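Engineer: Before I ask anything, here is the structure I am working with.
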Amino acid sequence: MSELIPTKPYMLRALHEWCVDNNLTPHLIIAVNAQTRVPMAYVKDGEIVLNVNYGATKDLHIDNDSVVFSARFGGVSQNIYVPMSAIRGIFARENGQGMFFEAESEQEDVELSKADVDAKVVENKEELIKSKKPILKIVK
């Protein structure tokens, strides 16, 4: 039997659609690593929370491998790329309902780039690599 496609991208698309259908604002929690392309100025403790509502993004595309879109940060348009393995959860800003995912083993093995460490994106590289559970913070 061939290898099954993971359920994570399907759940992500379904919860995104549920948020939009209920006039809620979907947000992604992302563990930033060398493969993610996000504005590093907004990364805190190795994570970033992104609004993925259609009104906040341009050309949003969620496939089985990644989430890709353009968005404005500080008035500057940026292209965002998030591999599926970096996504820790999706939730509605208004009520916190959503789904949070287990850390994937390939994610733990990713070595952070020297530029990320030098830019103090991650204050304690060893602590981030050892961390196995995502941390959820209330965003207001």
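The values are calculated or read from the model by the stated rules, or taken from the named source; none is laboratory data. Because the structure is predicted, anything quoted here is derived from the model rather than measured. Reconstructed Cβ throughout: ideal geometry from the backbone, glycine too, with neighbour counts over all protein chains shown.
Engineer: Restricting attention to segment 1-46, which residues are in a helix (DSSP H, G or I), charged (D, E, K, R) and surrounded by 14 or more Cβ atoms within 10 Å (Cβ to Cβ)? Reasoning before the result, please.
Structural biologist: Filtering segment 1-46 down to residues in a helix (DSSP H, G or I) leaves 8-21, 40-42.
Subsequent filtering for residues that are charged (D, E, K, R) retains 8, 13, 17, 21.
Residues satisfying the conditions are K8, R13.
Engineer: Continuing with this model, one more query. Checking N53 against (1) out of contact with any His (no Cβ under 9 Å at 6 or more places or on another chain); (2) of a type outside the set (D, E, K, R); (3) not in a strand (DSSP E or B), which single condition isn't satisfied?
Structural biologist: Condition not satisfied by N53: (1).
Engineer: Follow-up question, since we're still on this one. Got a sec? Which of A71, A92, A86, A103 is under 16 Å from the mean Cα position of the chain (by Cα), more than 30 Å from G55 (Cβ to Cβ), small (G, A, S) and at pLDDT 50 or above?
Structural biologist: Working: A71 fails: more than 30 Å from G55 (Cβ to Cβ); A92 fails: more than 30 Å from G55 (Cβ to Cβ); A86 fails: more than 30 Å from G55 (Cβ to Cβ).
Unique residue meeting the criteria: A103.
Engineer: Still on this structure: Report yes if L60 is within 14 Å of the chain's Cα centre (by Cα), part of a helix (DSSP H, G or I), modelled with pLDDT of 95 or more and of a type in the set (A, V, I, L, M, F, W, C), otherwise no. Reasoning before the result, please.
Structural biologist: Numbers: within 14 Å of the chain's Cα centre (by Cα): yes; part of a helix (DSSP H, G or I): no; modelled with pLDDT of 95 or more: yes; of a type in the set (A, V, I, L, M, F, W, C): yes.
Against the criterion (within 14 Å of the chain's Cα centre (by Cα), part of a helix (DSSP H, G or I), modelled with pLDDT of 95 or more and of a type in the set (A, V, I, L, M, F, W, C)), L60 does not qualify.
Engineer: Would you say T36 is among the polar types (S, T, N, Q) and touching a strand residue (DSSP E or B) at 6+ places or on another chain (Cβ under 7 Å)? Show your work before the answer.
Structural biologist: Values: among the polar types (S, T, N, Q): yes; touching a strand residue (DSSP E or B) at 6+ places or on another chain (Cβ under 7 Å): yes.
Considered against the rule, which asks whether it is among the polar types (S, T, N, Q) and touching a strand residue (DSSP E or B) at 6+ places or on another chain (Cβ under 7 Å), T36 comes out as yes.
Engineer: Could you grab me the full set of residues in segment 5-61 that are β-branched (V, I, T), farther than 17 Å from A86 by Cβ and in contact with a helix residue (DSSP H, G or I) (Cβ under 9 Å, 6 or more places away or on another chain)?
Structural biologist: Selection gives T25 alone.
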